[in-house]
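Visitor: Mind looking over this structure? Questions follow.
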Amino acid sequence: MKLSKKADYALRVLFTLVEHSGRGPIPIRELARRNDAPKRFLEHIMLELKSQGWVSSVPGKLGGYVLARKPEKIAIGAIIRHFDGQLAPIGCVSATHYERCSQEAVCRFRRLMLDIRNQVAWLTERSTLATVYAGEPVTRREVFKPREFIAGDGI
(Lines give C-alpha, C1' and ligand atoms only; values in the text may rest on other atoms or scores of the structure.)
Protein backbone atom coordinates (compact mmCIF):
# COMPACT_ATOMS: atom_id res chain seq x y z
CA MET A 1 0.00 0.00 0.00
CA LYS A 2 1.25 3.46 -0.88
CA LEU A 3 -0.53 6.61 0.23
CA SER A 4 -1.38 9.25 -2.33
CA LYS A 5 -0.09 12.79 -1.79
CA LYS A 6 -3.67 13.82 -0.96
CA ALA A 7 -3.96 11.24 1.83
CA ASP A 8 -0.47 12.06 3.07
CA TYR A 9 -1.16 15.81 3.29
CA ALA A 10 -4.60 15.19 4.82
CA LEU A 11 -3.07 13.09 7.59
CA ARG A 12 -0.28 15.61 8.18
CA VAL A 13 -2.80 18.44 8.54
CA LEU A 14 -5.09 16.45 10.80
CA PHE A 15 -2.19 15.67 13.15
CA THR A 16 -1.26 19.36 13.16
CA LEU A 17 -4.84 20.14 14.19
CA VAL A 18 -4.68 17.48 16.92
CA GLU A 19 -1.46 19.03 18.22
CA HIS A 20 -3.01 22.51 18.16
CA SER A 21 -6.35 21.40 19.63
CA GLY A 22 -7.91 23.81 22.12
CA ARG A 23 -5.80 26.77 20.94
CA GLY A 24 -8.12 28.07 18.24
CA PRO A 25 -8.12 27.81 14.45
CA ILE A 26 -5.01 27.55 12.27
CA PRO A 27 -4.99 29.52 8.99
CA ILE A 28 -4.53 27.55 5.76
CA ARG A 29 -1.27 29.38 5.06
CA GLU A 30 0.14 28.17 8.40
CA LEU A 31 -1.08 24.61 7.80
CA ALA A 32 0.64 24.61 4.42
CA ARG A 33 3.88 25.95 5.89
CA ARG A 34 3.98 23.53 8.83
CA ASN A 35 3.27 20.51 6.64
CA ASP A 36 5.39 21.45 3.63
CA ALA A 37 2.29 21.29 1.43
CA PRO A 38 1.31 23.44 -1.56
CA LYS A 39 -1.35 25.88 -0.31
CA ARG A 40 -3.60 25.59 -3.39
CA PHE A 41 -3.55 21.78 -3.21
CA LEU A 42 -4.18 21.90 0.54
CA GLU A 43 -7.22 24.13 0.02
CA HIS A 44 -8.90 21.33 -1.97
CA ILE A 45 -7.95 18.76 0.65
CA MET A 46 -9.38 20.93 3.43
CA LEU A 47 -12.69 21.18 1.56
CA GLU A 48 -12.83 17.38 1.39
CA LEU A 49 -11.95 17.05 5.09
CA LYS A 50 -14.69 19.56 5.85
CA SER A 51 -17.24 17.72 3.69
CA GLN A 52 -16.55 14.54 5.70
CA GLY A 53 -17.11 16.39 8.98
CA TRP A 54 -13.53 15.92 10.18
CA VAL A 55 -12.66 19.63 10.23
CA SER A 56 -14.55 22.91 10.54
CA SER A 57 -13.58 26.28 9.15
CA VAL A 58 -13.74 29.47 11.16
CA PRO A 59 -14.16 32.61 9.02
CA GLY A 60 -12.50 35.94 9.62
CA LYS A 61 -9.11 37.51 10.18
CA LEU A 62 -8.31 35.13 13.05
CA GLY A 63 -10.01 32.21 11.32
CA GLY A 64 -8.74 28.97 9.93
CA TYR A 65 -9.37 25.29 10.58
CA VAL A 66 -10.06 23.21 13.68
CA LEU A 67 -10.98 19.59 14.23
CA ALA A 68 -14.75 19.11 14.05
CA ARG A 69 -14.68 15.83 15.97
CA LYS A 70 -12.64 14.46 18.81
CA PRO A 71 -9.44 12.77 17.61
CA GLU A 72 -10.64 9.52 19.26
CA LYS A 73 -13.56 9.46 16.81
CA ILE A 74 -11.59 9.76 13.57
CA ALA A 75 -10.17 6.48 12.25
CA ILE A 76 -7.06 6.55 10.08
CA GLY A 77 -8.64 3.92 7.80
CA ALA A 78 -11.62 6.17 7.05
CA ILE A 79 -9.30 8.99 5.99
CA ILE A 80 -7.19 6.74 3.76
CA ARG A 81 -10.27 5.15 2.20
CA HIS A 82 -11.78 8.56 1.52
CA PHE A 83 -8.74 9.85 -0.34
CA ASP A 84 -7.33 6.65 -1.85
CA GLY A 85 -10.43 4.50 -2.24
CA GLN A 86 -9.03 1.20 -1.05
CA LEU A 87 -6.54 -0.44 1.23
CA ALA A 88 -6.02 -3.60 -0.82
CA PRO A 89 -2.65 -3.99 -2.57
CA ILE A 90 -4.32 -5.57 -5.64
CA GLY A 91 -7.83 -5.24 -7.07
CA CYS A 92 -8.83 -8.91 -6.84
CA VAL A 93 -8.78 -8.76 -3.01
CA SER A 94 -10.53 -5.41 -2.64
CA ALA A 95 -13.99 -5.48 -1.09
CA THR A 96 -14.85 -1.97 -2.27
CA HIS A 97 -13.00 -1.75 -5.61
CA TYR A 98 -12.90 -5.38 -6.68
CA GLU A 99 -11.29 -6.09 -10.06
CA ARG A 100 -11.66 -9.57 -11.53
CA CYS A 101 -8.46 -11.34 -12.50
CA SER A 102 -8.18 -14.28 -14.89
CA GLN A 103 -5.80 -16.03 -12.46
CA GLU A 104 -8.00 -15.92 -9.34
CA ALA A 105 -8.71 -19.66 -9.24
CA VAL A 106 -5.05 -20.64 -9.41
CA CYS A 107 -3.19 -17.63 -8.00
CA ARG A 108 -0.73 -18.56 -5.25
CA PHE A 109 -0.03 -15.09 -3.87
CA ARG A 110 -3.62 -13.83 -3.74
CA ARG A 111 -4.06 -15.29 -0.23
CA LEU A 112 -1.03 -13.34 0.96
CA MET A 113 -2.42 -10.14 -0.60
CA LEU A 114 -5.76 -10.78 1.14
CA ASP A 115 -3.97 -11.26 4.47
CA ILE A 116 -2.07 -8.01 3.90
CA ARG A 117 -5.32 -6.20 3.10
CA ASN A 118 -6.95 -7.58 6.23
CA GLN A 119 -4.02 -6.62 8.46
CA VAL A 120 -3.85 -3.10 7.02
CA ALA A 121 -7.62 -2.69 7.41
CA TRP A 122 -7.54 -3.96 10.99
CA LEU A 123 -4.65 -1.67 11.97
CA THR A 124 -5.98 1.45 10.28
CA GLU A 125 -9.56 1.01 11.51
CA ARG A 126 -8.52 0.57 15.14
CA SER A 127 -6.02 3.44 14.93
CA THR A 128 -7.49 6.88 15.50
CA LEU A 129 -5.90 10.29 15.26
CA ALA A 130 -5.64 10.21 19.07
CA THR A 131 -3.94 6.81 19.35
CA VAL A 132 -1.45 7.50 16.56
CA TYR A 133 -0.68 11.00 17.86
CA ALA A 134 0.04 9.53 21.30
CA GLY A 135 2.84 7.41 19.82
CA GLU A 136 6.42 8.42 19.15
CA PRO A 137 7.75 9.38 15.70
CA VAL A 138 9.61 6.60 13.89
CA THR A 139 13.38 6.91 13.97
CA ARG A 140 15.66 6.24 11.03
CA ARG A 141 17.17 3.36 12.96
CA GLU A 142 13.77 1.67 13.30
CA VAL A 143 13.23 1.82 9.54
CA PHE A 144 16.39 -0.15 8.89
CA LYS A 145 15.98 -2.66 11.74
CA PRO A 146 15.49 -5.58 12.24
CA ARG A 147 18.29 -6.84 10.01
CA GLU A 148 16.31 -9.78 8.62
CA PHE A 149 14.11 -7.35 6.66
CA ILE A 150 17.03 -5.54 5.05
CA ALA A 151 18.00 -8.58 2.95
CA GLY A 152 14.57 -8.54 1.27
CA ASP A 153 14.73 -6.47 -1.89
CA GLY A 154 11.92 -3.97 -2.22
CA ILE A 155 11.30 -3.41 1.49
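The values are calculated or read from the model by the stated rules, or taken from the named source; none is laboratory data. What you are looking at is a predicted structure, and each value in this text was computed from that prediction instead of being measured. Please note: Cβ atoms are built from the backbone with ideal geometry, for glycine as well, and neighbour counts cover all protein chains shown.
Visitor: Is the range 89-106 home to any residue that is under 25 Å from residue 39 (Cα atoms) and not aliphatic (A, V, I, L, M)? Give the derivation first.
Guide: Of the residues in the range 89-106, the ones under 25 Å from residue 39 (Cα atoms) are none.
No; the residues of the range 89-106 include none that is under 25 Å from residue 39 (Cα atoms) and not aliphatic (A, V, I, L, M).
Visitor: Considering only the range 61-149, give the helices (runs of 4 or more DSSP H) lying wholly within it that have at least 1 residues that are touching a helix residue (DSSP H, G or I) at 6+ places or on another chain (Cβ under 9 Å) and closer than 26 Å to residue 22 by Cβ. First the steps, then the outcome.
Guide: Values: elements: 76-84, 110-126, 129-133, 140-143.
In the range 61-149, 76-84, 110-126, 129-133 are the helices (runs of 4 or more DSSP H) which contain 1 or more residues that are touching a helix residue (DSSP H, G or I) at 6+ places or on another chain (Cβ under 9 Å) and closer than 26 Å to residue 22 by Cβ.
Visitor: Moving to a separate point now. Is there a residue being small (Gly, Ala, Ser) and buried (at least 16 other Cβ atoms within 10 Å of the Cβ) anywhere in the range 129-138? Before you say what the answer is, go through the steps one by one.
Guide: Our first condition is that a residue be small (Gly, Ala, Ser); within the range 129-138, this holds for 130, 134-135.
Among the residues that remain, those that are also buried (at least 16 other Cβ atoms within 10 Å of the Cβ) are: none.
No.
Visitor: Pick from 37, 10, 32: which is in contact with a Pro (Cβ under 8 Å, 6 or more places away or on another chain), over 17 Å from residue 70 (Cβ atoms) and aliphatic (A, V, I, L, M)? Working first, answer last.
Guide: Working: 37 fails: in contact with a Pro (Cβ under 8 Å, 6 or more places away or on another chain); 10 fails: in contact with a Pro (Cβ under 8 Å, 6 or more places away or on another chain).
Residue meeting the stated conditions: 32.
Visitor: Taking residue 57, is it surrounded by fewer than 17 Cβ atoms within 10 Å (Cβ to Cβ), assigned to a loop (DSSP other than H, G, I, E, B), without any contact (Cβ under 8 Å) to a residue 60 or more places away in the chain and small (Gly, Ala, Ser)?
Guide: Values: surrounded by fewer than 17 Cβ atoms within 10 Å (Cβ to Cβ): yes; assigned to a loop (DSSP other than H, G, I, E, B): no; without any contact (Cβ under 8 Å) to a residue 60 or more places away in the chain: yes; small (Gly, Ala, Ser): yes.
Here the answer is no, as residue 57 does not meet what is asked.
Visitor: Taking only the range 7-38 into account, find how many residues are surrounded by 12 or more Cβ atoms within 10 Å (Cβ to Cβ), among the small types (Gly, Ala, Ser) and either part of a helix (DSSP H, G or I) or on the phi > 0 side of the Ramachandran plot (or both).
Guide: Number of matching residues: 3.
Visitor: Between 81, 117, 69, which is in the same structural domain as residue 21 (by TED's automatic domain parsing) and modelled with pLDDT of 90 or more? Write out each step before concluding.
Guide: Values: 81 fails: in the same structural domain as residue 21 (by TED's automatic domain parsing); 117 fails: in the same structural domain as residue 21 (by TED's automatic domain parsing).
After applying the criteria, what remains is 69.
Visitor: Inside the range 39-53, can you point out the residues that are touching a helix residue (DSSP H, G or I) at 6+ places or on another chain (Cβ under 7 Å) and assigned to a loop (DSSP other than H, G, I, E, B)?
Guide: Within the range 39-53, 52 is the sole residue that qualifies.
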